[in-house]
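Single-structure report; data block below.
The values are calculated or read from the model by the stated rules, or taken from the named source; none is laboratory data. These numbers were taken from a predicted model, which means no experiment stands behind them. Note that each Cβ is placed from the backbone with ideal geometry, even for glycine, and that neighbours are counted across all protein chains shown. Accessible surface areas use protein heavy atoms only, side chains included; no ligands, DNA or RNA. Shrake-Rupley method; radii C 1.70, N 1.55, O 1.52, S 1.80 Å.
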Amino acid sequence: MPLNHFHTGRQTPILAGPDSLKQLPELRARLGASRYMVISDQGLAATGLVDALVDDLAVDAEVDTFLAPAGEPSVASVDAAAAAVRTLTGRPLVIGLGGGTALDIAKLVAALAESPGDMEHYLLAMTPWAGRVPAVMVPTTSGTGSEVTRTSILTDTQGRKLWAWGDELLPDAVLLDPALTRDLPASLTATTGLDAFVHALEATTGQGRHAFIEAPALQAIRQVGETLPIAVATPHDLQARQRMQEAACLAGQAIDNGGTGIAHNIGHALGSCYHLPHGVAVTLAMEASLAWSVTGNEARFTPAAHALKAGCKAQDLPRLFRELADQSGFNQALDPFTELTLNAEALASTMQKEENAPMARNAARRPTGDDWQWLAEATVTVFARRVAELATQNSEVSA
């Protein structure tokens, strides 16, 4: 095997364990910030978590908040939050509190507040960032890994799912407190956890894989496989919750260095076309594409199969992934979307657009020719089958 060349990105310090939030005043002082800007979303605010954090921080320094609307992060939300930060007197510490939406917005705001212009100039890495204010990420879900990556995902005014990138998007620290995730609904626990699994699998099998990607990715696969069904079934099990937080971070570190693949290509296209939540979209896409990806690439996928279940072969991965999704109750996450009709032609077209090209190029198996349509049709089929399964499950419960 020829020698390869690679480089890794900076690793964000991670402070994990119950009551990690108590370290925020020390971090603020060490990072030279004089006040706080808490960035979260309206859904999390309704639980009381945002107010509780603001009350605790107000004892230490002045606190401002920005609450993004429900749904995917948008260019408009980032511009509005950055404008609020720019008007503050003194240097703020930006705290992202929430799931992928809040974290992606907070990372972008920390950079945009120190950079000229609006967010649209930085989409698809069109313009380099000029700097950033201090930032700390506090995830309340265990899936996106956004807290440790140099990438943020957001939608533009046309509804397209786009990305921004840069070293400036890495925060100064990440706080993992398992207690913040114990009230996460079962369907969100499942879809975010499966998202972490997809991150890990695509990073460790992608074109850029190397030892420093494989190590965290394979460990993330082990922990998600062992722990996700437990976290769904017993949500107040803090050990399971912390192991899922660790898995999401490990998978995030893996994709930060190794990127994602065809399931994310399809998943982003589903998000652009139908606004499916990210975890739902990439789970459907992985189930639809995994057997296709493994074919001819068995050696790439064998370590992941072993990590998920000892003694298994690469060809077993599609079945093992379906079983993991079933054990985690994934179908329940489709309940809001049962009336949705997917169009394979529209999906295949969106999969081939510029913003989704890097994911296809990095995939273990790169689609060509008729592959695009076949993968889109396979995704439509998986969605229809799982919606039908959900209807059966719901009727059995009601009976």
inquiry  = Please report the net charge: other residues with Cβ closer than 14 Å to the Cβ of Glu26, K and R +1, D and E -1.
reply    = -1
inquiry  = Using only the alpha-carbon atoms, how far is helix 298-308 inclined from the longest principal axis of the chain? Give it as 0 to 90 degrees, nearest 10.
reply    = 60
ask   = Local charge sum around Leu154 (other residues, Cβ-Cβ under 9 Å, Lys/Arg +1, Asp/Glu -1)?
value = -2
query = Between Thr89, Thr189, Thr204, which gets the highest mean-square fluctuation from a Gaussian network model of the chain, Cα cutoff 10 Å?
reply = Thr89
task = With label points built 7 Å along Cα→Cβ from the Cα atoms of Arg10 and Thr341, find their separation and express it in nm.
result = 5.1
request  = Work out the length of the dipole vector of segment 240-399 about its Cα centre, built from +1 on the beta-carbon of each Lys and Arg and -1 on the beta-carbon of each Asp and Glu, and round it to the nearest 20 debye.
outcome  = 480
request  = First select every other residue whose beta carbon is under 12 angstrom from the beta carbon of Gln332; then total the charges, Lys and Arg +1, Asp and Glu -1.
outcome  = -2
request  = Give the accessible surface of the chain per residue, rounded to a whole number of Å², with probe radius 1.4 Å and ligands, DNA and RNA excluded.
outcome  = 40
ask   = Of the heavy-atom accessible surface of the chain (probe 1.4 angstrom), what whole percent is carbon and sulfur?
value = 53
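Taking a ≥ b ≥ c as the square roots of the eigenvalues of the Cα gyration tensor of segment 313-399, is the shape rounded (a/c under 1.5), prolate (a/b larger than b/c) or oblate?
Judged from the Cα gyration tensor, segment 313-399 comes out oblate (a/c at least 1.5, b/c at or above a/b).
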task = Mind jotting down the distance between the C-alpha centroids of segment 1-66 and segment 84-129, whole Å?
result = 14
query = How many percent of DSSP beta bridges within the chain run antiparallel, rounded to 5?
reply = 20
query = Karplus couplings for segment 109-115 from phi (6.51 cos²θ - 1.76 cosθ + 1.60, θ = phi - 60°), rounded to Hz, Gly and Pro as x?
reply = 5, 4, 7, 5, 4, 10, 10
ask   = For the chain, what are the per-bin percents of Cα-Cα distances with bins 10 Å wide, up to the bin holding the maximum?
value = 5, 24, 34, 25, 10, 2, 0
message = Pairs on different chains or at least eight residues apart, Cα atoms closer than 28 Å: how many lysine pairs in the chain fit?
response = 4
remark   = Measuring from the longest principal axis of the C-alpha atoms of the chain, the long axis of helix 75-86 (C-alpha) lies at a number of degrees, nearest 10, equal to 20
inquiry  = At 222 nm, what value in deg cm²/dmol follows for the chain if DSSP H runs of at least 4 each add -39500 (n - 2.57) and the sum is divided by all its residues, to the nearest 500?
reply    = -16500 deg cm²/dmol
